[in-house]
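Visitor: Mind having a look at this structure? Questions to follow.
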């Protein structure tokens, strides 16, 4: 998953203060209500019982996370003997609310309904202690980096946020949500077939969205950014699990929340994955359109330009347009050679990581052209790009990407009429349990299996046997 770019830290991010504090609007009303309740010697439970509310509703009012009604405000003024001060503050809050644009209705609904699978306990293993961490950045501090709570504290704050709508949204809670997301993504990376990490991420996403409708203005950007990152993560796991339709729903909503949060890199991440889904649907036109949108999401940056061009190259290759594909590949590489404004760099998208993505995409595009044109020269160029990407990946990193590149290398050998090297290259994947292969890798292997089966009569028994084993794997 791509993280979020944030070259300028928010005012809260440098101080580490409770992001729910401050004056104005419903936060001012909540602080005033808390003052008068305490002045009268009432507990939240006692005041809630007196007005017919649960104590959690009173807590949400005091945190500025819930709007009051005129009738409730008049009753509170009477009970707490405020001489109408709450009513006057309510009027100021309503005026401030009128000046705040409403969140679009579709962004107040989860992309997926609650599932039947229980989320289960969240393991403390692999909770990051600092951000940025791999593909994840802090919704508050962005690229500046920050210290996260200890794993046990992060899990407790995450549980409180998901279980109690009145729990405060403070800096520690935001950090805890990011830490748990990082831990879930790490678990999913090691076992793509498991549903647990995705269930936790989707449950957290629903808790974030539930707060977005009535959130104070200063909370909206943080909540929208959390929603965008969780929706993109949920979509990525569903895509790797072979559920492209629900993945598309998550990616589409992630783009909307990322726009609301002013988070261009998560927009780019989701659009890149939407372009991949277009390829899986054998729809190069829509794939290319999503790739073009990447440039609009983060205009003027070489990293987004490179990703946009490689997306277009893959789409035009699928359509069999050699000239356009070569042109887009050249433009992608030109972007790689240009210096980037340091204040807008995505820290986890290092030059090596970006080059790895471009080389991997180049290998796929050139391989598709080699298949369409039966041109071994294109297959040789694809093979060089795939090996370069694998070298940049690093030993032991991203097993799903390593499996994808291994399948791609085998296919490049096959396109050069070298089936025996292709079979030898495939051996590690053939020994992998089918459930452990992500859907994108299985999709890559389907085309390879078809080409092996077609050539088996002239290539011999070993190739036919490998094609049969691939049938069982995919």
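Visitor: Every residue in segment 91-110 that is modelled with pLDDT of 85 or more and under 16 Å from residue 261 (Cβ atoms), please.
Guide: 104, 106, 107, 108
Visitor: I'd like to know if segment 439-457 contains one or more residues that are free of Cβ contacts under 8 Å to residues at least 60 places away in the same chain and either outside any helix (DSSP H, G or I) or in contact with a strand residue (DSSP E or B) (Cβ under 8 Å, 6 or more places away or on another chain) (or both).
Guide: Of all residues in segment 439-457, those free of Cβ contacts under 8 Å to residues at least 60 places away in the same chain come to 441, 444-446, 448-450, 452-457.
Going one step further and asking which of them are either outside any helix (DSSP H, G or I) or in contact with a strand residue (DSSP E or B) (Cβ under 8 Å, 6 or more places away or on another chain) (or both), we end up with none.
Within segment 439-457, not a single residue is free of Cβ contacts under 8 Å to residues at least 60 places away in the same chain and either outside any helix (DSSP H, G or I) or in contact with a strand residue (DSSP E or B) (Cβ under 8 Å, 6 or more places away or on another chain) (or both).
Visitor: Within 30 Å of residue 133 (Cβ to Cβ) and either in contact with a helix residue (DSSP H, G or I) (Cβ under 8 Å, 6 or more places away or on another chain) or surrounded by 24 or more Cβ atoms within 10 Å (Cβ to Cβ) (or both), is that true of residue 423?
Guide: Values: within 30 Å of residue 133 (Cβ to Cβ): no; either in contact with a helix residue (DSSP H, G or I) (Cβ under 8 Å, 6 or more places away or on another chain) or surrounded by 24 or more Cβ atoms within 10 Å (Cβ to Cβ) (or both): yes.
No: the conditions fail for residue 423.
Visitor: Give the residue that is surrounded by the fewest Cβ atoms within 10 Å (Cβ to Cβ), with candidates limited to residues of segment 146-163 that are touching a helix residue (DSSP H, G or I) at 6+ places or on another chain (Cβ under 7 Å) and assigned to a loop (DSSP other than H, G, I, E, B).
Guide: 149
Visitor: Given (1) out of contact with any helix residue (DSSP H, G or I) (no Cβ under 8 Å at 6 or more places or on another chain); (2) under 21 Å from residue 355 (Cα atoms), where does residue 433 come up short, assuming only one miss?
Guide: (2)
Visitor: How do the helices (runs of 4 or more DSSP H) wholly within segment 282-373 filter down when requiring 2 or more residues that are within 22 Å of residue 415 (Cα to Cα) and out of contact with any strand residue (DSSP E or B) (no Cβ under 8 Å at 6 or more places or on another chain): which remain? First the steps, then the outcome.
Guide: Working: elements: 284-297, 302-318, 322-336, 351-373.
Helices (runs of 4 or more DSSP H) meeting the threshold: 302-318, 322-336, 351-373.
Visitor: Which of the residues that make up segment 366-391 are under 24 Å from residue 349 (Cβ atoms) and surrounded by fewer than 20 Cβ atoms within 10 Å (Cβ to Cβ)?
Guide: 384, 387, 388, 391
The values are calculated or read from the model by the stated rules, or taken from the named source; none is laboratory data. Here the structure is a predicted model, which is why all the values come from computation and not from measurement. Every residue, glycine as well, gets a Cβ built from its backbone with ideal geometry; the counts of neighbours run over all protein chains shown.
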